Structures are given as structure tokens and as C-alpha cells.
Amino acid sequence: MLKFMKYSGIAALLPLANAAQAQSLEQAVNDVFASSTGWFVSLIFATLPGTNFPWIVMWLVVAAAVFSLYFAFVQFRNFRHAIALVRGDYSDPNDAGEVSHFQALATALSGTVGLGNIAGVAVAVGIGGAGATFWMILAGLLGMATKFTECTLGVKYRNEYEDGTVSGGPMYYLTKGFAERGLPGGKILAVLFAVFCILGSFGGGNMFQANQAHGALVGVMGDFSGLITGVVFAAVVFLVIAGGVQSIARVTEKIVPFMAVLYVGTALIIILMNIDMIGWAFGQIFAGAFTGLGVAGGVVGALIQGFKRAAFSNEAGVGSAAIAHSAVRTNEPITEGFVSLLEPFIDTVVICTMTALVIIITQQMIVDPTTGNYMIEGGKIATVGGTSGVALTQAAFGSAFGFAPTILAIAVVLFAFSTMISWSYYGLKAWTFLFGEGRTTELVFKTLFCLLIIVGSASSLGPVIDFSDAALFAMAVVNIIGLYFLMPIVKRELDSYVSRLKSGQIKKFN
Amino acid sequence: MSVKFVVGFDGSAASQNALDFAIARAKAQGGRVVVAHVLEWSPYSFLTPQEIEERHGRRSQELARAEEMILLPAVQKATDAGVETAGVVRYGHIAQTLCKICKEEGAHQIVVGRHGHSEMASRVFGSVAGSLVQVAPVPCTVVP
């Protein structure tokens, strides 16, 4: 998620450190971190020889393609069934009061829909051109198969306790699934995953979110201390995750889908207002995808940007969704797999694409009238007003509606908040996997998590965030190795379910 | 064939009135009573990850509490009055679920109390009695 967001417009808006003293402390922390963890960051984000393509992106996209082929494009063949499941058509009415498929999907989505959908896409399109959209959609569609695989396993191998609570996720399927298949090393992979997950939850799922939310606030309200944002955020998050004030979280969980709908709705209105441009916009997307339209790196440049955006936005393969989905109540783990495949679709194919379309259709990117190619300035496409990142999205929306940038800032803050709540949970699950469940150990994690929110929004600890972003993608390395070994188990579940669905053994209730 | 009454019961004073009414009717007509308690629930509401994890346990607790604190005393009361009585606890939209129970049980009448909210409050929040009257598949009695 979001790694290259740092180079976006929001980052440029970040306030400079408040005092020289704070700066020197920051400097010291940065130096220690950079020197001790730099190798790890370079390893995870290393580019393939002779290209500027990070291998980790290739790793995610290849996995998505493998799963798509292995499961014979389950994401398309069972798309309608997935929607029927979410609508509750196959839910036993006697199970009313249990977590529904819809609820599991909505909660998992609130963890992935975020900054990347608004600002990250602008970065991708701003460098890779309209063509990046095509590759982003393609990668999003393939990523659906990865989600399907990991979430099915998450439910199948979860732990259920006597008090009715459930713990699931890659740490559990790596341990139990490998043991079941008689493979060695499951426990080691599980521990590695848990460690990376904790670090990832501190970084990409926490400090980075707080940092960017503060940036968005500064963009609208003018410069003020990041400490204020941090303390307020930390207090509210602490109330929710440690104080049990679930009502605050419930309010956000309600507002976030509303914001997402509002965002897509606004985008659709802007697209409709320029309906005569829609043919041209798709022309740009296809032409850009196969010719590059003059962007840096040509077709490959557009492809890299699109793939990157999709992989970082929907988290397919990272393993976080498997934790979120594992608590649903169902006798058929595969049904949760079907439901989860809608996640990359909504996140990437719908929401990210809307952002891209609005930027393209409002003609923020300057086209050279003689060649039809983009004007390039310093490796980036020249834009009206020279914006990039979230500022580019804001400019695109603002060109149609003057109030749009304020709504975007509110959306960014709310998305950041819900992402932090979700990641605090993922991190906690990994933490209890390593250190056991118990009030004290859990409180230690929660306190640490909230303190880091303050650190994240008050500073610009580049190397620290680099490291935790790398940890987030290291989760994908471990998780996908596991998925390759465990995919025959998912295949068995799939075949059995589909044959029972066809024979009418699995019935609709409604 | 005896007449069957479904009573929407939540333990409140208003629902006690409805129960009393149904018991009296059932006694007079030689009918039976089904005490129905519906826990408000929508599968489309939003939950936090923590709530999702605890949901199954909570549900068992809620069901046990509803059974013990609300349903049993009501069933006992009706049985003591000499009426054949059964009890049901369900999750769902209250009015819709009462209708569903009514159909399943083959009941002839629904009896509910009303909370007597102001017109404004009912407009904003809706009222069970009001929506029930609109959708009930059988005659519906609202006891003041």
C-alpha cells in the first residue's frame, strides 16, 4: 500500500519540523534507522535488473495471474454468485444475528479503501499517463483471484475459541495448513508473517496514514502543528481500540462507505457532465496502454505505474484481508472467498478507475496538440497548474466543483482513521499470535500503536516509514509462498462447492 | 380449530398489556398464544473488526438473556393463566420478523403494544405498530 505516496503532493504540503531540537532528534532516529534497516528496504523494493520495475510488484502480479489461471478465472465465473452471497440470498435465516457476508466485506473494505484510491492514482496517472489506468484495472481484476485464495484459507484454518471468538489469518493457515499437508516450515513462515504484520501495522497502517491525513488537513486549513492532529487521532483511536468505545468506530464505519459512495457519485457526475469526452478518454486509456503516449518509459512505464497502483491499493496477497474475513460465520469457507473477491473489484476497478477517469476527462494533463502525446516535464506529465498527487486529484475535482477539495480532505481523514482501526486489529492479531492473548500484552500493543500515531503525524520520519512499508510487502512474500503450497486445498473446496451448487444441494433461502 | 395469537413481546409495560389482552382473548376463545421476542438486527449494518470477532459469542449471550429474562416469565404467565403457550426468539427487522413468525406458526392474529411516541418521533424513527399494521398478513391488534 501507498509506498510511493511520499512523493505525492501531500508530502510537499507537510509542515517543516516545528523546532530545530525536534529536527535533530528526528535526524538521529532517521540516521539510526536508515543505517540499520536500509538493506531490508532496498531488498524489498529492489528493481528487476535493467528496469525500474520493483520485483515485489512483479511478485504480486505474477501470483495474481497464477491464481487466476489455476482457478480458471473464478473471479469472473462466480462474480454473480458472490453478489448473491453478499445480498444474503444463501444465508440461513436461522443464522440472523451472526456476522453476515456483507458486514465482513464492508469491514475489510474500510481497511483498504483509503488514501491510495484518491492520491495514489493521481501519482500513477501523473507519471504513467492515461494508459496506466488500463494496466491498473487489469491488475485489479487479476488480484481478485489472490484475495479469493487467501480469504478462503483464512476462514478454513481459523481458530475458534470456547467463548465464541475467532482468530484467523495467514499465521494460522501457514501453521495448520502446512501441518495438514505434511510440509515443513509452516511455523517459521507464520512467525515471520506475524513479525512483518506488526511492523506493517505500525507503518503503512498507522504512521503513514496519520502523516498523510495531517498533510491533507494542512492543505485545507493552513499550517499547524502535527502534534495536534496526532494527539487527537491517538486519543480517539485509543478510546476505540482500548476503551471499547465501539460507537465511535461504528460511526466512522458508517461514514466511510457513505464517503466512498459520495466520492464515486461525484466522480460519476463529473464524467456525465463531460459525456462527450468519454469516447476520447477511453481512446487515451487504450492508446496510452499500448503506445505510452510519450510518457517516461513508454508502454512499460505506463504498465509499471498501473500495476504498482493496483497492487498497493487493494492489498491482494498481503494477507491482511484474510485476517479481516476470517470471523464470518459460515460452514463453507469458500463462500467468504467468493465475497472477498469483490474487494479488489470495488477498490481498484471501481474507485481507483473513477479517480483516473476524472483526472483524464477534466484534461488536467497537458497534451501536445501536434503529436497527440503528453508534454513531459522532469519525468512527469505536465499538468494544468503543475500539480501532482492528491493536489492533482483536488484540482481535477475542483475544476468541476469548487467545494470538492474540502470534501476530499474530510474523506482522506476518515479513510485514514478507518484504515488505522483496521490495521490496529491486524497488528493485534499478529501480536497475540506471537505473545499470547491477555489483557496486559494486548494493552501494550494498543498503547504502542497509539503513541506511534503521534510520532507519525508530528514528523516526517522517512526511513522509519520506508522500513514499515517494506515490512508490509514482506508480508506478501511470506503469504504468497504459503498460498502457492496451499492452493490445492482451495481447489478442492471450490470443486466440491461448485458441484453441490450445480446439483441443487446448496439452496437459496430467499 | 383453535385460534392462535402471536404476541410481539419485549418486556415493556406496553407489551405486557398486549400479552394480557392476548391471554384474555385466547382464554375466552379457547385459543393458543405464541410469545415472540425479536432482537433488532440488520445484516447490512456496519461492525468494527473487534465486533465481528466477538459477534458469535455476543449472539449466544443475547439469546440466552432474552430467553431467560424476557421470554420465560411471559410464557410462564400465560401458562399459569391456563393458556397453551410457546415462545420464540429471533433476530431481524421487528415488524417483518413478526409477520414471518406469524406465517410459520399459521397464526390468526398478531397482538402488539405501542409505546405512544409523539407523531414526530414515529415519523423519524418509525414505529413497530405502525409498520406492522401496514404489512401484517393477518388481522393485527394494537393494544394501547
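The values are calculated or read from the model by the stated rules, or taken from the named source; none is laboratory data. On a predicted model such as this, the values are computed, not experimentally measured, just so you know. Here the Cβ positions follow ideal geometry from the backbone for every residue, glycine too, while neighbour counts run over all protein chains shown.
Suppose we filter A:V498, A:V478 for residues that are under 21 Å from A:G203 (Cβ atoms) and away from chain B (no Cβ under 14 Å); which single one remains? Explain how you work it out, then say what you get.
Details: A:V498 fails: under 21 Å from A:G203 (Cβ atoms).
Going through A:V498, A:V478 in turn, the sole match is A:V478.
Cβ-Cβ contacts under 7 Å between residues 6 or more apart (or on different chains), taken from a first residue in region A:298-318 that is on the phi > 0 side of the Ramachandran plot to a second residue that is polar (S, T, N, Q), are listed as A:E315/A:T112; A:G317/A:T146; A:G317/A:N479. Residues in region A:160-175 that are within 11 Å of chain B (Cβ to nearest Cβ) and either of a type in the set (S, T, N, Q) or touching a Leu at 6+ places or on another chain (Cβ under 7 Å) (or both): A:T165, A:S167.
For region A:279-332, filtered to residues that are of a type in the set (D, E, K, R) and in a loop (DSSP other than H, G, I, E, B), the residue that is surrounded by the fewest Cβ atoms within 10 Å (Cβ to Cβ) is A:E332. Just checking, how many residues over region A:380-420 are within 26 Å of A:L293 (Cα to Cα), within 23 Å of the chain's Cα centre (by Cα) and assigned to a helix (DSSP H, G or I)? Total satisfying the criteria: 7. Looking across region A:363-379, the residues that are in a strand (DSSP E or B) and either surrounded by 15 or more Cβ atoms within 10 Å (Cβ to Cβ) or basic (K, R) (or both) come down to A:M365, A:V367, A:Y374, A:I376. Among residues that are more than 14 Å from chain B (Cβ to nearest Cβ), closer than 19 Å to A:G317 by Cβ, surrounded by fewer than 21 Cβ atoms within 10 Å (Cβ to Cβ) and without any contact (Cβ under 8 Å) to a residue 40 or more places away in the chain, A:W39 is not included. Being touching a residue at least 60 places away in the same chain (Cβ under 8 Å), more than 9 Å from chain B (Cβ to nearest Cβ) and among the polar types (S, T, N, Q) holds for only one residue in A:T112, A:T107, and it is A:T112.
Within region B:27-67, which residues are more than 17 Å from the chain's Cα centre (by Cα) and in contact (Cβ under 8 Å) with a residue 40 or more places away in the chain?
Restricting attention to region B:27-67, the residues satisfying the condition of being more than 17 Å from the chain's Cα centre (by Cα) are B:27-31, B:43-61.
Of everything in region B:27-67, those that are more than 17 Å from the chain's Cα centre (by Cα) and in contact (Cβ under 8 Å) with a residue 40 or more places away in the chain turn out to be B:K27, B:G31.
Restricting attention to region A:253-279, the residues that are closer than 13 Å to A:A106 by Cα and without any contact (Cβ under 8 Å) to a residue 40 or more places away in the chain add up to 3. All of A:E437, A:E493 fail the test of being of a type in the set (D, E), at pLDDT 85 or above and surrounded by fewer than 22 Cβ atoms within 10 Å (Cβ to Cβ), apart from A:E493. Of the residues contained in region A:353-362, none is found to be in a helix (DSSP H, G or I), buried (at least 24 other Cβ atoms within 10 Å of the Cβ) and within 14 Å of another protein chain (Cβ to nearest Cβ).
Scoring A:T383 on the criteria (1) touching a strand residue (DSSP E or B) at 6+ places or on another chain (Cβ under 6 Å); (2) surrounded by 24 or more Cβ atoms within 10 Å (Cβ to Cβ); (3) away from chain B (no Cβ under 14 Å) leaves a single failure, condition (2).
Given A:S100, A:S91, which one is buried (at least 22 other Cβ atoms within 10 Å of the Cβ), within 14 Å of chain B (Cβ to nearest Cβ) and touching a Gly at 6+ places or on another chain (Cβ under 9 Å)? Spell out the reasoning first.
Values: A:S91 fails: touching a Gly at 6+ places or on another chain (Cβ under 9 Å).
The conditions single out A:S100.
For region B:60-70, filtering for residues that are touching a Gly at 6+ places or on another chain (Cβ under 9 Å), charged (D, E, K, R) and more than 8 Å from every other protein chain (Cβ to nearest Cβ) leaves 1. The residue that is nearest to the other protein chains (Cβ to nearest Cβ), among those in region A:220-261 that are modelled with pLDDT under 75 and surrounded by fewer than 16 Cβ atoms within 10 Å (Cβ to Cβ), is A:K254.
Among the residues of region A:67-76, are any closer than 30 Å to A:T252 by Cβ, in contact (Cβ under 8 Å) with a residue 60 or more places away in the chain and not aromatic (F, W, Y)? Scanning region A:67-76, I find at least one residue that is closer than 30 Å to A:T252 by Cβ, in contact (Cβ under 8 Å) with a residue 60 or more places away in the chain and not aromatic (F, W, Y), so the answer is yes. Please determine whether any residue of region B:93-111 is at pLDDT below 80 and not in a helix (DSSP H, G or I). Among the residues of region B:93-111, not one is at pLDDT below 80 and not in a helix (DSSP H, G or I), which makes the answer no.
Just to verify a result, which residue in region A:66-87, among those that are within 14 Å of chain B (Cβ to nearest Cβ) and more than 21 Å from A:F258 (Cβ to Cβ), is surrounded by the fewest Cβ atoms within 10 Å (Cβ to Cβ)? Per the stated criteria, the residue is A:A84.
Sort out which residues of region B:2-15 are in a helix (DSSP H, G or I) and either in contact with a strand residue (DSSP E or B) (Cβ under 7 Å, 6 or more places away or on another chain) or surrounded by 17 or more Cβ atoms within 10 Å (Cβ to Cβ) (or both), and write them in order of number. Talk me through it step by step, then tell me what you get.
Taking region B:2-15 as the starting set, the residues that turn out to be in a helix (DSSP H, G or I) are B:13-15.
B:A14, B:S15 - these are the residues of region B:2-15 that are in a helix (DSSP H, G or I) and either in contact with a strand residue (DSSP E or B) (Cβ under 7 Å, 6 or more places away or on another chain) or surrounded by 17 or more Cβ atoms within 10 Å (Cβ to Cβ) (or both).
Hey, among B:A81, B:A64, B:A95, B:A28, which residue is over 18 Å from B:F9 (Cβ atoms) and among the aliphatic types (A, V, I, L, M)?
Numbers: B:A81 fails: over 18 Å from B:F9 (Cβ atoms); B:A64 fails: over 18 Å from B:F9 (Cβ atoms); B:A95 fails: over 18 Å from B:F9 (Cβ atoms).
Going through B:A81, B:A64, B:A95, B:A28 in turn, the sole match is B:A28.
Residues that are crowded, with 16+ Cβ neighbours inside 10 Å, more than 14 Å from every other protein chain (Cβ to nearest Cβ) and in a helix (DSSP H, G or I) within region B:16-59 comprise B:Q16, B:N17, B:A18, B:L19, B:D20, B:F21, B:A22, B:I23, B:R25, B:A26, listed in sequence order.
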